[in-house]
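Read through the structure below, which is laid out as structure tokens, and then see the notes.
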Amino acid sequence: MSHVITLIPGDGIGPEVTESVVRIFKAAGLDIEWERHDAGVIAFDKTKETLPIALLDSIKRNKVALKGPVTTPIGQGFTSVNVGLRKALDLYANLRPVRNLPGVTSRYTDVDLVIVRENTEDLYAGLEHEVVPGVVESIKIITERASTNIARFAFEHARTFNRKKVTAIHKANIMKLSDGLFLQSCRNVAREFIDIPYDERIVDAACMHLVMHPEKLDVLVLPNLYGDIVSDLCAGLVGGLGVVPGANFGREAAVFEAVHGSAPDIALKNLANPTALLLSALMMLDHIGERATAAKIRAALDSVLMKGAVRTRDLGGEASTTEFTDAICREVQA
Ligand code: NAI
């Protein structure tokens, strides 16, 4: 079956890792027409927009996009394209499965977590102002609607995929109103899913628990900021940012992207590990009904990682992005 999918190469290592996925999909015989669109600084140079309307229209039409990372200037400059995209398409749920990969050595061996991060509000609403010189204010928005939606997404995911339990992560002891509302919304939804065990942890204690006993946690549901931070922590449990995928789901569209950013320190050097984006793209294939091909590519990736002869530098190897991609292409065609 043929598919039309929006492709955002992004910047930094984005074009390198997206090209890797495009080549692997071609090697696997998938019939995909990619609609390529720029975002961020590259788009701005061409169109004076960081999130062009044509890009949003393409995703609305195709319902599915694969996205490379997009750089956000720190402390100044334009607001995050990633946050803008999630808000514009109401991609309210960010799903990040964190699992050990075969052949990838890490500090832990039995990690199998699912992070469900609220994607549209919290401190990421971007509401900041200077009250008087030397005093600034960032506004944390938490709504019952978004908190209920993300909690329901987490419980439905847990039920569909036979997960063990859902844990809400919060700081409601300090932010009694905002995190208190998030927590109360999770509790309300938990009552609708009495078949799924539910508990709660304060975010700082949850971080300690994650690095001591990650195997004891299962599905985590978090507001936006804690979800962002805890995602990178969890990536560190299984081998780093090069191996953890992600997906943003809304009611009308889904955008698949890795947890990592544009990695300016290794950009344009053919050093990036494309595994995280490839795993995100495999989630995308499952989403569009190409499960058999997704399984075939996953088996090829596992085989290359298990053999261990060809792996990128972040996993202790010497291979370039291109050499690692070539190895998976060969395996998928074997
Ligand atoms: P980062 O995730 O880009 O990099 C952190 C570290 O992990 C770096 O040492 C990098 O080399 C390494 N790394 C990341 N991905 C890798 C891969 N695939 N293979 C091998 N090593 C990898 O985080 P950083 O440096 O904080 O952010 C850089 C830029 O990316 C910022 O502008 C940030 O706003 C943006 N960003 C974009 C995201 C997105 O588009 N969804 C997500 C996170 C950050």
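Sort through 309, 327 and tell me the only one that's without any contact (Cβ under 8 Å) to a residue 24 or more places away in the chain and open to solvent by less than 30 Å² (accessible area, probe 1.4 Å). Don't jump to the end; show me each part of the working.
Details: 309 fails: open to solvent by less than 30 Å² (accessible area, probe 1.4 Å).
It is 327.
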Review point. Yes or no: residue 244 modelled with pLDDT of 95 or more, within 11 Å of the ligand (Cβ to nearest atom) and surrounded by 17 or more Cβ atoms within 10 Å (Cβ to Cβ)?
Key: yes
Review point. Do we find that residue 30 is under 27 Å from residue 227 (Cβ atoms) and outside the structural domain of residue 120 (by TED's automatic domain parsing) in this structure?
Key: no
Exercise for review: Hey, can you tell me all the residues within the stretch 85-117 that are open to solvent by 50 Å² or more (accessible area, probe 1.4 Å), touching a helix residue (DSSP H, G or I) at 6+ places or on another chain (Cβ under 8 Å) and assigned to a strand (DSSP E or B)?
Suggested key: 112
Exercise for review: Out of the residues in the stretch 195-212 that are in contact (Cβ under 8 Å) with a residue 24 or more places away in the chain and more than 23 Å from the chain's Cα centre (by Cα), state the one that is most open to solvent (accessible area, probe 1.4 Å).
Suggested key: 195
Check your understanding: If you check residue 160 against the conditions, is it more than 14 Å from the chain's Cα centre (by Cα), open to solvent by less than 10 Å² (accessible area, probe 1.4 Å) and among the β-branched types (Val, Ile, Thr)?
Key -> no
Revision key, fill the gap. Screening 70, 17, 4, 98 for residues that are within 16 Å of the ligand (Cβ to nearest atom) and more than 29 Å from residue 138 (Cβ to Cβ) leaves only 17
Exercise for review: Given the conditions (1) within 16 Å of the ligand (Cβ to nearest atom); (2) free of Cβ contacts under 8 Å to residues at least 60 places away in the same chain, report the number of the one that residue 294 does not fulfil.
Suggested key: (1)
Check your understanding: Looking at the stretch 280-295, which of its residues are among the aliphatic types (A, V, I, L, M) and either open to solvent by less than 20 Å² (accessible area, probe 1.4 Å) or at positive phi (or both)?
Key -> 281, 282, 284, 285, 294
Practice item. Looking only at the stretch 66-84, decide whether some residue is in a strand (DSSP E or B), in contact with a Ser or Thr (Cβ under 6 Å, 6 or more places away or on another chain) and more than 26 Å from residue 128 (Cβ to Cβ). Key: no
Exercise for review: Test residue 81 against the criterion of being open to solvent by less than 50 Å² (accessible area, probe 1.4 Å) and of a type outside the set (Asp, Glu), and give yes or no.
Suggested key: yes
Review point. Does residue 24 qualify as being in a helix (DSSP H, G or I), more than 12 Å from the ligand (Cβ to nearest atom), open to solvent by less than 10 Å² (accessible area, probe 1.4 Å) and not assigned by TED's automatic domain parsing to the domain that holds residue 119?
Key: yes
Point to revise | From the options 128, 200, 215, residue that is among the acidic types (Asp, Glu), more than 26 Å from residue 111 (Cβ to Cβ) and not assigned by TED's automatic domain parsing to the domain that holds residue 80 | key: 128
Check your understanding: Somewhere in the stretch 29-36, is a residue among the basic types (Lys, Arg), surrounded by fewer than 19 Cβ atoms within 10 Å (Cβ to Cβ), part of a strand (DSSP E or B) and modelled with pLDDT of 95 or more?
Key -> yes
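Assess whether residue 254 counts as being under 30 Å from residue 224 (Cβ atoms), open to solvent by less than 10 Å² (accessible area, probe 1.4 Å), away from the ligand (no atom under 14 Å from the Cβ) and touching a strand residue (DSSP E or B) at 6+ places or on another chain (Cβ under 9 Å).
yes
Hey, among the residues in the stretch 2-20 that are in a helix (DSSP H, G or I) and within 16 Å of the chain's Cα centre (by Cα), which one's nearest to residue 51 (Cα to Cα)?
14
The values are calculated or read from the model by the stated rules, or taken from the named source; none is laboratory data. Keep in mind it's a predicted model, so treat the numbers as computed, not measured. Note that each Cβ is placed from the backbone with ideal geometry, even for glycine, and that neighbours are counted across all protein chains shown. SASA here: full protein model, heavy atoms, side chains in, ligands and nucleic acids out. Shrake-Rupley method; radii C 1.70, N 1.55, O 1.52, S 1.80 Å.
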